[in-house]
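Single-structure report; data block below.
The values are calculated or read from the model by the stated rules, or taken from the named source; none is laboratory data. Since this is a predicted model, take the numbers as computed values, not measurements. Because the Cβ atoms are built from the backbone with ideal geometry, glycine has one as well, and the counts that use them run over all protein chains shown.
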Ligand code: IMP
């Protein structure tokens, strides 16, 4: 089995990636240097692909320094709100810290259009090449915070196809997975690797 090192601090994401890549002959492990997830600098880039590429590059340099030969997986996601021209997008994590869910709800207070989407980009570096997979989950921003499950923007995001007005925060993990942008991104990388016979 080939080692696939996933650069993430999130155990849930690790389990999800194992489920996708084990059937292709990869043993998914967390990317650790000296037992810790290394500090990676996220560029102030416009798109998730650029962020994922920068993460892969830094991870490659670290592996080279350590003399480790393995495939690398990274993943990046964000919430893109239609009427805010895609804000917070690639800045989702820092915007959430700064203005919170209430800040986002305030920005949308007088807006009729509450359309938004989660986007995820997964990138895998294997045999000297980077392969990308993207996934989108369309939905609406709710009028107020609902539910305590999940993380991040889950309490204010109602996915298309779910029960009307139900947020990710009100769903259990399996229910959310049916719509997950992340699962779609991983699936699309998997299909590409499959097609290449890797
Ligand atoms: P990451 O790159 O996947 O860690 O995501 C960056 C930020 O986007 C997170 O800190 C969350 O605020 C937000 N985010 C990404 N995916 C989700 C999700 O599935 N639910 C809620 N928030 C998310």
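Points worth noting:
- Any pair with Cβ under 6 angstrom, 6 or more apart, that starts in the range 40-52 at a residue that is under 13 Å from residue 89 (Cα atoms) and ends at one that is assigned to a loop (DSSP other than H, G, I, E, B): 51/42; 51/45
- Consider the range 141-155 and keep the residues that are within 9 Å of the ligand (Cβ to nearest atom) and either in contact with a strand residue (DSSP E or B) (Cβ under 6 Å, 6 or more places away or on another chain) or assigned to a loop (DSSP other than H, G, I, E, B) (or both). The one that is modelled with the lowest pLDDT is 150.
- The range 1-112 holds helices (runs of 4 or more DSSP H) entirely within its bounds, and those carrying 2 or more residues that are farther than 26 Å from residue 150 by Cβ map to 48-66.
- If you go through the range 156-167 and pick out every residue that is in a loop (DSSP other than H, G, I, E, B) and either within 12 Å of the ligand (Cβ to nearest atom) or in contact with a strand residue (DSSP E or B) (Cβ under 9 Å, 6 or more places away or on another chain) (or both), you end up with 7.
- Test: residue in the range 122-134 that is touching a helix residue (DSSP H, G or I) at 6+ places or on another chain (Cβ under 6 Å), assigned to a loop (DSSP other than H, G, I, E, B) and crowded, with 17+ Cβ neighbours inside 10 Å: no
- Residue check, residue 193 more than 10 Å from the ligand (Cβ to nearest atom) and at pLDDT below 95: yes
- Condition check for residue 11 on (1) in contact with a helix residue (DSSP H, G or I) (Cβ under 7 Å, 6 or more places away or on another chain); (2) more than 25 Å from residue 194 (Cβ to Cβ): one failure, at (1).
- Count - residues of the range 98-122 that are within 15 Å of residue 156 (Cα to Cα) and either within 15 Å of the ligand (Cβ to nearest atom) or in contact with a strand residue (DSSP E or B) (Cβ under 7 Å, 6 or more places away or on another chain) (or both): 13
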